[in-house]
1. From the list 127, 121, which residue is surrounded by fewer than 23 Cβ atoms within 10 Å (Cβ to Cβ) and touching a helix residue (DSSP H, G or I) at 6+ places or on another chain (Cβ under 6 Å)?
2. Counting only residues that are without any contact (Cβ under 8 Å) to a residue 60 or more places away in the chain and not β-branched (Val, Ile, Thr), how many does segment 79-113 have?
3. Taking residue 82 and the conditions (1) at pLDDT 95 or above; (2) farther than 19 Å from residue 171 by Cβ, which numbered condition does it fall short on, given that it satisfies the others?
4. Specify which of the listed residues (170, 163) is acidic (Asp, Glu), in contact (Cβ under 8 Å) with a residue 40 or more places away in the chain and under 14 Å from residue 228 (Cα atoms).
5. Does segment 232-251 include one or more residues that are among the hydrophobic types (A, V, I, L, M, F, W, C), in contact with a Lys or Arg (Cβ under 6 Å, 6 or more places away or on another chain), within 30 Å of residue 43 (Cβ to Cβ) and assigned to a helix (DSSP H, G or I)?
6. Just to be sure I understand, how many residues within segment 152-174 are acidic (Asp, Glu), in contact with a strand residue (DSSP E or B) (Cβ under 8 Å, 6 or more places away or on another chain) and closer than 13 Å to residue 79 by Cα?
7. Which of the residues that make up segment 133-163 are within 14 Å of residue 184 (Cβ to Cβ) and under 19 Å from the mean Cα position of the chain (by Cα)?
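The values are calculated or read from the model by the stated rules, or taken from the named source; none is laboratory data. On a predicted model such as this, the values are computed, not experimentally measured, just so you know. Heads up, the Cβs are rebuilt from the backbone with ideal geometry, glycines too, and the neighbour counts pull from every protein chain shown.
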Amino acid sequence: MSQTINKIKTRIRSVTGAYKVTSAMKLVSTVKLKTWKSKMIANKAYAQEVKEAADSVFNYIPNSNSLLMDEEINTNKKLYLVVSSSLGLCGAYNTNIFKMAESTITEEDDAIILGKKGLVFFNDSKFKKIDEFSSYESIKDRSTVRAISDYLLDIYLQGKYKEIHIIYTEYKNPIVFTSKDLKLLPLADVDSKENVLGYPPLLEPNKEDLIKSLVPFVISNLVFSCLLESEVCEQASRSNAMENATDNAEELLEELQIEFNKARQGAITQEIIEIAAAANAL
């Protein structure tokens, strides 16, 4: 009986340690979620203004010969930017991204994998990986984010890819977030309406120079917005996972405590019986 009690005590200590870890991680991820979510909300308002301004300009440049606005490229190869996490314990966050990437990216395509979890998962993938940004860990690395945007734009201008996509996680609410495939380039399918301004705008100095300066800004803003949204989803997923783990640890501790009390009561009862039996024998 004492051996059973000792085993239960060991399990209680183990679960208590796990409970402390998961509750601490839940607190940390909740704070991070609140921080990044506020930044995402502020960025969404800014990104929406940028999109509306860009759409109103692109609407009046339908016949531009710029490669950025033209899908007539002599290749069917695509480049995908896959956003995963560098840390674990975030539920199904990475799994959903991996499923979409595996079903979307073909052997002919190339991919840039962001996040250590993605690099490990796609180590033996069927498509070619570009390890230019394998050191990326989070949205906090702003210089790397800018370098990614510049790289995507430069390599597209070289005509190596027909399309450039980003596979990231779209935020719905603190519980629901889904993986999404968004086309970054080309910008031929800009969502705009005719005569949105009611009159043609003045494009200075000219259409071509305006595109060269405006498109990189739009692409950079799109990439940053997607990475920021993925960061929020990662923290939300980790917060939910740690909350569930903490709740499970609490339930398990309650069950173990009841089991321990029963075992201890059984041991006490057994000792009383033995003492009574010994007294009767005398």
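1. Residue meeting the stated conditions: 121.
2. Result for segment 79-113: 12.
3. All conditions are met except number (2).
4. None of the others qualify; the one that does is 170.
5. Scanning segment 232-251 turns up at least one residue that is among the hydrophobic types (A, V, I, L, M, F, W, C), in contact with a Lys or Arg (Cβ under 6 Å, 6 or more places away or on another chain), within 30 Å of residue 43 (Cβ to Cβ) and assigned to a helix (DSSP H, G or I).
6. Residues meeting the conditions: 1.
7. Answer for segment 133-163, where residues must be within 14 Å of residue 184 (Cβ to Cβ) and under 19 Å from the mean Cα position of the chain (by Cα): 145, 148, 149.
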